[in-house]
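The values are calculated or read from the model by the stated rules, or taken from the named source; none is laboratory data. If you're wondering where the values come from, they're calculated on a predicted model, not measured in any experiment. When we count neighbours, we look across all protein chains shown, and the Cβ atoms used for this are built from the backbone with ideal geometry, even at glycine.
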Amino acid sequence: MTPRSRSMFWRIFRQLLRASRGRLIVALIALSSGAAISSALLNINLDAEQKLTHEFRTLGANVVVAPPSSGSDAALADAAIMDRIVGPPAPQIIAAAPYLYVAANSGAQPVILAGTWFDQVAKMNSWWKVDGAWIASRDDRLHCLVGQAAARQFGLAPGSKIDLRAGERNVSLTVSGIITSGGAEDSQIVTSLDIAQNLAGLPGRVSLIQLSVSGTPPEIETFTSHLAAALPGLEVRPVRQLAAAEGSILARINGLILWTITLILVLTTLGVLASMAALAMERSRDVGLMKALGGSVERIMHLFLAEAAALGVVGGTIGFAIGIVLARWIGGRVFGVAISPRWPVFPATIALAVGVALTGALPLRLLGRVRPAEILRGE
Amino acid sequence: MFLRIVSDSFMRKPRRKALTAAALALGMAVATATLEVALDVGDRLAHEFRSLGANLLVTPATDTLPLEIGGVDYRPVDAGAYLPEGDLGKLKTIFWRNNVIGFAPFLDVPVEIAAASARGNQAQGPGSRKIVRETAGETVRETLIGTWYSHTVAVPDGSKFVTGVSSTDPWWHVDGRWFSDGAEESLIGAGLAHRTGLRVGDTVTVRSGERAHTLTVTGIISTGGREDNAILAPLQVAQKLAGRPSSYRRLLVSALTKPADSFSERDPTKMTPADYDRWYCSPYISSISHQMQQELPGIEVRAIRQVAEGEGRILTRVGSLMWLVTFAALFAAALAVGATSATTVLERRSEIGLMKALGASRRAVGLFFLAEQLLLALVGGIAGYAIGLELARVLGIGIFGIAPTVRLVLFPIVLVLAAVVALLGSLVPLEHASRVDPAPILRGE
Amino acid sequence: MAPLVQVEDLEKRFDAVRALGHVSFEVESGEWIAIMGPSGSGKTTLINILGGLEHPTSGRVVVDGMEIGQLGERELTRYRSDKIGFVFQQFHLVPYLTALENVMLAQYFHSITDEKEAAEALRRVGLGDRREHLPKQLSGGEQQRVAIARALINHPKLILADEPTGNLDEENEATILHLLRDLHSAGHTILVVTHSQAIGNLADRRIELEHGRLARISVPVRSGAGST
C-alpha cells in the first residue's frame, strides 16, 4: 500500500470503530473478562507449583545423607561434613539437620535419645505437635523434648526433670515440651546435638543428616547425584515417598487449571462471536457495496482483521491488568501469600486474547463471501 | 393469548433462536462440567494422596516403649506385645470400611543369614560372583521383615479383600517380582544385596534361634528406608521363624480421610449425641481410628502425622484453589451467556418497536421477552447439562484418570443458573429497548 | 469503432427461474440507454451482469473489449473498479464516512486516493461545501449526488444507474436528471434502469424487457430539438 492508501486505510478503520463502538465495547467487555480470568489463572498456575512445592517441603526431609550401613550397628560419620554440605552456597537447601542416636537409660528403662538441631528440625518437620514449649536454640544444654509415648512411659510433663545415663556418662534435663509426631520420635527423647554427643562420648559424630531440598523432582535428583559425587564414602538418598505424590498432585492441578483456561477461552470466544455476528449483520450491506465498488476481498478483510487484532490487544492488556489484581486476591485467600506476577503471562495473555478475537471474528470473515448483488438487491 | 404469541414468536427466525440456545447450552455445559469436576476434586486428590502410603499406624495398646533407630526396633524379640492376625478382617466391617483402601501387618525377626547359594550353583571362576559373608568371619545379621504384598483377607461378612504393602507403601520399588503369598520366597534390600552380592534367583537360608528357612530371592527392593538393608518375606515365614503363629506387631493402614478441622479434634466422649453422629459419619482420621479401635480389641491407633497433616494442609489449600478456579469458570460462563442474551435482545429492537406501535404496554413487552428468554434458557440448560456431563467425563478422565460421579442435583442448579443468567443478561438491554421510541426503528434507521 | 457493449444471446437462470433469455443488443460509446419494463422483467439482473455483479448462465457479454462472462472473482473486482460506476436507488453510501470519504473510498479500491480530486468531484456536483458531512446530514438528493461523484471518480467507461431517482421527490429528481444530462453531453456512456417514461424519453434509445426477454428497442421521440 502506498502511504496515501495507508492513511486512507486508517481513516476508514477509525470511522469503522467509532461507528460500531457499542457492539465493540460489549465484545471488549467479554474479551477483557475472559482475558482477566485466564491471565490470573495462568499466573496462579505458574506460581502454585512453587507454592505447593514449598508446602511439600514442610513435610519432612527429601534427601538423607548417611554412612553406608552395614549390619545392625549404626555407623557414624564426621559432623564436619555438615560444613561441606551447607558451607558452599546452596540455595536449594531449605533446612539441614544432623542426627545422632544414643541408646540411653532412664533408671532401669532403656530409651533412645536423638540429638539434633532444633532450629532446622522446626523448618522441616512442621507436623510435629508440641504440648508445652519448643526449644529454639540448637545449643540448649538444659532442656529436652519428650515423645508422647516415652512421656507416658516415664510419667513426664513439661517442667519435669529426667536423668539419662549412657555407659558412665549421665545428664540431667528439664522437659520443655511433649511432642506428638506420629513417628519414631514419639518414643524418643530429643535433645540438642551437643548433649547427645557428650552423653554418647562421641564428640563430632553424627548418625545421619536430613536435608530439605527445594525444586522439582528432576532438580532434586540432580542435586542428589551432585552431592553424592562430592561426598564419596557416604550414601546420599532421595526420600521417594513424597516425590511421587508431589509430582502427581502438581500434575493434576496443572491439568485442571489449564483445562479451565481452555474452557474459559472457548466461552470468551462465544461472547465475542455473538457481538461479531451482530456486527457482521450490520455491515453486510457496506461490504456488499465495497465489493460493488471494486473493493477486493483482501482489502476489506484487512480492515476487519485489524479491528479484531486491535480488540485483542486492548482486551488482552486490560485483562492482564485486572488479572494481576485477581491473582493477588486469589493467592491471598488460598496461600495467604500474594502471588508474584510472572512476566511471561503478559505476552501469553495478549496472544490468547488476539487469538480469541480473531477466532470470534469469524462472522466478519464470512462476510468476505458475501455476494454484492444479493446484498444490494435485498434492500 | 399471551402464550400463543410467545410460542408463535418463538417459532419464528429459528436460526437465530438456535444460535442463542446453542450459546446457552455451551455456557451451561461448561458450568456443569466444572461443577461436576470441582465437587469431585476433593475425592480425587485424596486418592492421589494415598500414593503417600499409610496414614494410620496400629500398635498393641499394652506395648512397651519402642527402641527405634532408623526404623529398626532394637527391643529384644520377646519384649513387647503382639496382635492377632485373625482380627484383621474386621477392619473391613467398620462404618467407613470403603475408605479403608488397604493395610499391611508387620512382624520383624532378627535373623542370621546362614548360607546363600548362587542360582544354578555355577562353578567358581575368574570374575564370577562371590556370595560373601561379612569380612573376618562375622555372620551377617539383619532384620527379616514379614508382611503381606497381595494377601487375601477373609472378611466376617463373607467377602474377601486383597491387600498388602501395595496399598500402604506404593512407592517401594522392586527389581524382579514380589514374593507370592505364603511362599518360601523373599526380597533382598538393595543395600544388603550390594554388600552380599545376592541376586534375583539366588537362595538364602535365614536362621533365628533354632528355626531356619531357605528362601528364594525373587526381587531386590529399594525404598529409601530401613528395608534397603533388610530381608522381606511373607508374614507366615516371619511368624514361623519367630515362633509366633498368627501374630503381628505393627499394622499400617491407608485410609481415605477428610482433612481435620476444629470439629474433628474434639473429644468424642464430650460431644452431644447429634455432634457425635456427625463426627462418626465423617471420614476424619479421628473417627476412623475410633471405629477401628471399637472393632479390634487391644490396639492403639495413631495418625502418621507426617502424612495425615501434610495431606490435610495441602488438600485444604488445593481445595480452595480449585473452587476459586471453578467460580472463575462459572463467571465466564455466566458472562458469555449474558452477553449473548444481551446481544440478541438488542437485535430485536424493531420487533419491540412494532409491538409498542401496535399498542403493547412496556410491561407486556417486557414480560413477553422474558418469557421467551426463560424458554430458551430451559432448552439451552437441558442441552447444556447433557453436554456438560459428557464434557465432565472427558475432563475427569483426562485430568484424574477417572470420570467424576454424576450428581443429579446439578441438573436443577444448572437450569436455575441458566434462567437467572439469561434473564439478567436480557434485563438491561430490554429495559433500554422498551423505552425507545418505536418510530425511528420502524422507519428502518 | 467497436461498440462499447456487446450482448449476445444472454441467458440468466436462478435455479429453475429464468430471469433473462435470448437478450442481444449493442451499446455505442457515448450513448444514453434506458432499460425499461415492468417489475420482474429482469432489468436489475441485466444491469448487474453488465456491472460484473452476476455471472451470465450462457451467452456473451463483451464490455470495452473484455468478455466479462468468463472472468473470475478477482478479475471482476478489478473490472468493477476500473470500468464501471454504479449509482443505486438507495444511494448506498457508507453511513460512517463523510461525503468526501465516500468518494475517496472508490479511489481507494481503484488505486490511490487523491483528496483534491475527490473534493473537485464533489464541487462539480454542487456539494463542494458539504464534503465533511455524513450521509445522514444530507438530503436524499444530495446523497445521490455524492453517489454520482463517487461513480465518476475513477473515470469509468460505463455508468450503470438502477432507478437513480426512485427514492427522490420531484425536485431532487429533476436535479439528478439534469446531472445525468450533463454527463451525457460530456460523452459518458450511461445505462439507466427505470420505469419512468419521463426518464425513458430522455435517453438515446430504450431497451424494453418483458418477462426476461427483449421486447423491443425503440428510439424515443423528443419534443423539441436540441434539448439541454
Quiz prompt | Residue in the stretch C:22-29 that is touching a residue at least 40 places away in the same chain (Cβ under 8 Å), of a type in the set (A, V, I, L, M, F, W, C) and touching a Ser or Thr at 6+ places or on another chain (Cβ under 6 Å) present | solution = no
Self-check item: Filter result (crowded, with 19+ Cβ neighbours inside 10 Å and free of Cβ contacts under 8 Å to residues at least 24 places away in the same chain) within the stretch A:192-244
Solution: A:GLN241
Quiz item: Across the stretch B:55-83, which residue is surrounded by the most Cβ atoms within 10 Å (Cβ to Cβ) among those that are touching a residue at least 60 places away in the same chain (Cβ under 8 Å), within 10 Å of chain A (Cβ to nearest Cβ) and outside any strand (DSSP E or B)?
Solution: B:ASN55
Quiz item: Which residue pairs have Cβ atoms closer than 6 Å, lie 6 or more positions apart in sequence or on different chains, and pair a first residue in the stretch A:250-261 that is more than 9 Å from chain B (Cβ to nearest Cβ) with a second residue that is in a helix (DSSP H, G or I) and surrounded by fewer than 21 Cβ atoms within 10 Å (Cβ to Cβ)?
Solution: A:LEU250/A:GLU49
Exercise. Name the single residue, out of those in the stretch B:160-179 being in a strand (DSSP E or B) and at pLDDT 90 or above, that is farthest from the other protein chains (Cβ to nearest Cβ).
Key: B:LYS160
Quiz item: Can you tell me how many residues in the stretch C:90-106 are facing chain A (nearest Cβ under 7 Å), hydrophobic (A, V, I, L, M, F, W, C) and within 18 Å of C:PRO164 (Cα to Cα)?
Solution: 1
Quiz item: Within the bounds of the stretch A:285-305, is there any residue that is of a type in the set (A, V, I, L, M), away from chain C (no Cβ under 14 Å) and farther than 26 Å from B:THR34 by Cα?
Solution: yes
Exercise. Using the structure shown, decide if C:ALA119 is surrounded by 22 or more Cβ atoms within 10 Å (Cβ to Cβ) and either of a type in the set (A, V, I, L, M, F, W, C) or over 16 Å from the mean Cα position of the chain (by Cα) (or both).
Key: no
Exercise. Would you check which residues across the stretch B:204-221 are surrounded by 18 or more Cβ atoms within 10 Å (Cβ to Cβ) and either within 14 Å of another protein chain (Cβ to nearest Cβ) or closer than 18 Å to B:ALA238 by Cβ (or both) and list them?
Key: B:VAL204, B:VAL206, B:SER208, B:HIS213, B:LEU215, B:VAL217, B:THR218, B:GLY219, B:ILE221
Practice problem: State the number of residues belonging to the stretch A:1-51 that are under 30 Å from A:ARG333 (Cα atoms) and among the polar types (S, T, N, Q). | Solution: 7
Quiz item: Pick from the stretch C:41-65 the residues that are over 18 Å from the mean Cα position of the chain (by Cα) and in a strand (DSSP E or B): which of them is farthest from C:ALA19 (Cα to Cα)?
Solution: C:ARG60
Exercise. Kindly establish whether B:ARG363 is at pLDDT below 80, surrounded by fewer than 17 Cβ atoms within 10 Å (Cβ to Cβ) and in contact with a Lys or Arg (Cβ under 9 Å, 6 or more places away or on another chain).
Key: no
Quiz item: Given the stretch A:104-155, what strands (runs of 3 or more DSSP E) lie entirely inside it while holding 1 or more residues that are touching a residue at least 60 places away in the same chain (Cβ under 8 Å)?
Solution: A:109-116
